[in-house]
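Following: one structure in structure tokens, then a few remarks.
The values are calculated or read from the model by the stated rules, or taken from the named source; none is laboratory data. Model, not experiment: these values are computed from the prediction. Because the Cβ atoms are built from the backbone with ideal geometry, glycine has one as well, and the counts that use them run over all protein chains shown.
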Amino acid sequence: MVKVKSFSGMRCSMAGALEVIGDRWALLLIRDLSFGMGRYDELRASTNIPPATLAARLKHLVETGIVERTRYQERPPRDEYRLTDKGRDLWKVTLSLREWGDRWDASGFGVPMETVDLKTGHSLHLALVDDETGEVVPFERATLRPGPGADDTVRRLLGSG
């Protein structure tokens, strides 16, 4: 088994997020939980994840506050899993991965689902939006700058130090 290096302590929001989420199995579980699945057997059937891996990933997601576990049956004990507010906030991450996979046909089967506006039925996609003006900003105009938590390494990386 490959030992995975921890990202904890790195001054990088992406590394921190990956540390909290865990791995690719966790992202598939977050996907399915966002679809409304919540029972162990549903999650297992949807992902075909090995039982020990499923148990470990669900435990990790509960410990990191992405998922909450609720007992729905005492005998035998059965739990249901739901995304917390923190977990539901990952929807943009999963949408972004899906959009990238669709664009580059990562599954090899074409586009399996689309995001649409409930009111109009029109297709939707993620975009960069200016916080103050609401203007959609093209990728070419986007850049990074050091934030309040930046250290010297981040400043050097961004050419600001």
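Scoring LYS119 on the criteria (1) in the same structural domain as LEU144 (by TED's automatic domain parsing); (2) in contact (Cβ under 8 Å) with a residue 24 or more places away in the chain; (3) over 11 Å from the mean Cα position of the chain (by Cα) leaves a single failure, condition (2). Entry remark, the stretch 40-74: residues being under 19 Å from GLY16 (Cα atoms), part of a loop (DSSP other than H, G, I, E, B) and among the aliphatic types (A, V, I, L, M) number 1 in total.
Here is a yes/no grid of residues against (1) hydrophobic (A, V, I, L, M, F, W, C); (2) closer than 24 Å to SER13 by Cβ; (3) in a loop (DSSP other than H, G, I, E, B):
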{"position": "ARG98", "(1), (2), (3)": "no, yes, no"}
{"position": "GLY101", "(1), (2), (3)": "no, yes, no"}
{"position": "PRO112", "(1), (2), (3)": "no, no, yes"}
{"position": "LYS119", "(1), (2), (3)": "no, no, yes"}
{"position": "HIS125", "(1), (2), (3)": "no, yes, yes"}
{"position": "ASP131", "(1), (2), (3)": "no, yes, yes"}
{"position": "GLY147", "(1), (2), (3)": "no, yes, yes"}
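In a residue-by-residue description of the stretch 72-93, the property of being out of contact with any Phe, Trp or Tyr (no Cβ under 9 Å at 6 or more places or on another chain), assigned by TED's automatic domain parsing to the domain that holds LEU28, polar (S, T, N, Q) and surrounded by fewer than 14 Cβ atoms within 10 Å (Cβ to Cβ) applies to at least one position.
So is GLY101 outside the structural domain of ARG24 (by TED's automatic domain parsing), over 15 Å from ASP32 (Cβ atoms), surrounded by 13 or more Cβ atoms within 10 Å (Cβ to Cβ) and not acidic (Asp, Glu) or not? Walk me through how you get there before you give the answer.
Working: outside the structural domain of ARG24 (by TED's automatic domain parsing): yes; over 15 Å from ASP32 (Cβ atoms): yes; surrounded by 13 or more Cβ atoms within 10 Å (Cβ to Cβ): yes; not acidic (Asp, Glu): yes.
Yes; evaluated as a whole, the condition is true for this residue.
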